[in-house]
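These notes are about the structure you will find just below.
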Amino acid sequence: MGNVFGRKSRPSRVTEQDKAILQLKQQRDKLKQYQKRITLQLEKERLLAKQLLKDGKKEKALLLLKKKRYQDQLLDKTENQISNLERMVQDIEFMQIEMKVIEGLKVGNDCLKSMHEIMSIEDVERILDETQESIEYQRQIDEMLAGALTQEDEDAILAELEEITQGEDVALPEVPTEPIPEVPEAAKAEPEKREAKNKPDREMLAA
């Protein structure tokens, strides 16, 4: 319960203009209802006056038609009032739109002013001058480098580039990490035996 009573109410989004528009529309609707009721009544009185004339009651019929004429004038005034109310509603709604547009322009104008305060015209001109100086300095360096290198230098640079490029593509074999197996003693003695066996044959051929 404490939370319910202690909760702050949110500010209403309904403006005074909205309230005025609502009241004007309510008055317009009431006038339209009155207009519809009077129209139905006038139709009944016209039929009644027609019946009175048939019955020979001309005076009563004439009095009824005079009343109808007065109510017709009231209907015309009611129609004018409805038109005025609708026009006023449209004017207020359009004014609300204009106020929103003006508010948006004001926010945009304040934003531009803040940006202008952060960066003045002098700052912009200084940045542009520094940028132009940097571009000019880089252009001078490029011209100096282009004039300092001979054709021999250009060829050497291209050759070095080609060498570096080729060196990156060469894939060397991986060094084995496992130990080399030892040769058995019998396998080592076998070549010596064959050498001793072939030695007398070579001596005989030499003789």
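The values are calculated or read from the model by the stated rules, or taken from the named source; none is laboratory data. None of the values given here were measured: they were computed from a predicted structure. For neighbour counting, all protein chains shown are included, and Cβ atoms are generated from backbone atoms with ideal geometry for every residue, glycine included. Just the protein is used for accessible areas: all its heavy atoms, side chains included, with ligands, DNA and RNA removed. Shrake-Rupley method; radii C 1.70, N 1.55, O 1.52, S 1.80 Å.
Okay, here's what the table says:
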read-out: Heavy atoms of residue 37 accessible to a 1.4 Å probe, total area in Å² rounded to 10; value: 130 Å²
read-out: Gained length - residue 32 relative to residue 117, 0.36 nm times residue gap less alpha-carbon distance; value: 24.9 nm
read-out: Backbone HN-Hα couplings from phi across segment 15-27 [Karplus 6.51/-1.76/1.60, Hz, Gly and Pro as x]; value: 8, 5, 5, 5, 5, 5, 5, 4, 5, 5, 5, 5, 5
read-out: Packing-based order for 152-160, 17-25, using average beta carbon neighbours within 10 Å, highest first; value: 17-25, 152-160
read-out: Length released on extending from residue 41 to residue 100, taking residue separation times 0.36 nm less the Cα-Cα span; value: 16.6 nm
read-out: Label-point separation in nm, residue 138 to residue 13, each point 7 Å along Cα→Cβ; value: 5.1 nm
